[in-house]
1. Within the range 302-310, is even one residue at pLDDT below 90 and either more than 23 Å from the chain's Cα centre (by Cα) or within 13 Å of Pro219 (Cβ to Cβ) (or both)?
2. Open to solvent by less than 50 Å² (accessible area, probe 1.4 Å) and touching a Cys at 6+ places or on another chain (Cβ under 6 Å), is that true of Leu24?
3. Looking at (1) part of a loop (DSSP other than H, G, I, E, B); (2) free of Cβ contacts under 8 Å to residues at least 12 places away in the same chain; (3) out of contact with any Gly (no Cβ under 6 Å at 6 or more places or on another chain); (4) not polar (S, T, N, Q), find the lone condition where Ala223 falls short.
4. Scan Ser178, Ser164, Ser159 and give me the residue that is in contact (Cβ under 8 Å) with a residue 12 or more places away in the chain, polar (S, T, N, Q) and out of contact with any helix residue (DSSP H, G or I) (no Cβ under 8 Å at 6 or more places or on another chain).
5. Taking the range 68-93 as the region of interest, how many residues are in contact with a Pro (Cβ under 6 Å, 6 or more places away or on another chain) and surrounded by 22 or more Cβ atoms within 10 Å (Cβ to Cβ)?
6. Can you name the strands (runs of 3 or more DSSP E) wholly within the range 104-216 that have at least 3 residues being out of contact with any Asp or Glu (no Cβ under 6 Å at 6 or more places or on another chain) and open to solvent by less than 40 Å² (accessible area, probe 1.4 Å)?
7. Which condition breaks for Gly249 when tested against (1) under 30 Å from Thr304 (Cα atoms); (2) touching a Leu at 6+ places or on another chain (Cβ under 6 Å)?
8. So how many residues does the range 52-80 have that are closer than 24 Å to Arg295 by Cβ and of a type outside the set (A, V, I, L, M)?
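The values are calculated or read from the model by the stated rules, or taken from the named source; none is laboratory data. Predicted model, so just to flag it, every value in this text is computed and none were measured. Virtual Cβ from ideal backbone geometry, glycine too; neighbours counted across all protein chains shown. Quick note on the areas: whole protein, heavy atoms, side chains included, nothing else; ligands and nucleic acids left out. Shrake-Rupley method; radii C 1.70, N 1.55, O 1.52, S 1.80 Å.
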Amino acid sequence: MLSAIGSTPLVELRRLVPDAPFRLYAKLEGMNPGGSMKDRAAFSMLGGLIADGTIVPGRSVVVESSSGNLAIGLAQVCCYFGVRLICVVDPRTTENNVAILRAYGAEVDMVTEVDPETGEFLPERLRRVRRLVARIPHAYWPNQYGNLLNARAHERTMSEIAESLAGQVDYLFVATSSCGTLRGCADYVRRAGLGTRIVAVDAQGSGIFGPPTGSRRIPGHGAAMPPALLVPDLADEVTLIGDGDCVRGCRQLVASEAILAGGSAGAVVAALLAHRHRIPAGANCVLILADRGDRYLDTVYCDTWVRDRLGLDLAGTPDPFHLLAGTGAGPSFGLADPVSELPSDFDHKEPAPC
């Protein structure tokens, strides 16, 4: 099962910005077996330690702070090897994610109080992790926020992208949280001598690159404070995206490309659309889409949640991102006939009778 981690598809997006003079690609990290790019980091941080006997199934206990995808990735790895896992989460963790963790056999430890200084859950979660590690025999904290093995997992992500495009990666848009993906991709770009311009995409309510400038209700990107993996000059540019534009980006992506992706993908799409007029003709641009959207059906893709939590009413109204992308509003989205876009050698067969 774990051998399926990585080597995710890189697909060309021809409908998201149909009039663009550049080529646009998406790295579909939701195709990892646990549903997100965090599978890479989870296996990178634990696999070697299990192999060399540092983490011993049946004796060791892995303790980590995560509200979503990394927790699921760790739960998958620990389940496979028979290692006990305690995930420290907070009320922002969705019920769906908690159910997935428990299905894998992970223990869920919920932090309900925010840090009095920052008003965020993350500092309290990290304090809880430290207390658990100090109290539980043979406990190990991977520490995704400071573990270089997290970043090294994504050097492979970037190498896969570069190999697919023969080294011609002009722009890379990547969402940030632990900064493992940003760090790993940037390290590979520099080591390989690529001319890639890296755009880090963060939430307006995040504290990674400076004081928060807004709220942050959509999980998957952003953090309460700068992680240890963040070092100067990883990104050539930082773009902050609000929750509303994040939702619109997700919906634009599924409407135009039939890609149902997670919350951070919407932020990456919004950042790309904001930069589109500055990208030169002939450039290759890559969006890293961190996870699938099926875990966001009751949030990002739910009109009621968007209206009640974000104060936006998107139901039945033209999505402004259609206009921004130059596709025109309306149910057809101004798309070409999908049949005409099929390869010339596509073998169409009528469906077999039920």
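1. no
2. Working: open to solvent by less than 50 Å² (accessible area, probe 1.4 Å): yes; touching a Cys at 6+ places or on another chain (Cβ under 6 Å): yes.
When the stated conditions are applied, Leu24 passes them.
3. If we test Ala223 against (1) part of a loop (DSSP other than H, G, I, E, B); (2) free of Cβ contacts under 8 Å to residues at least 12 places away in the same chain; (3) out of contact with any Gly (no Cβ under 6 Å at 6 or more places or on another chain); (4) not polar (S, T, N, Q), just (2) comes out false.
4. Of the residues listed, the single one that is in contact (Cβ under 8 Å) with a residue 12 or more places away in the chain, polar (S, T, N, Q) and out of contact with any helix residue (DSSP H, G or I) (no Cβ under 8 Å at 6 or more places or on another chain) is Ser164.
5. 2
6. 171-175, 197-203
7. Only one criterion in (1) under 30 Å from Thr304 (Cα atoms); (2) touching a Leu at 6+ places or on another chain (Cβ under 6 Å) is unmet by Gly249, namely (2).
8. 11
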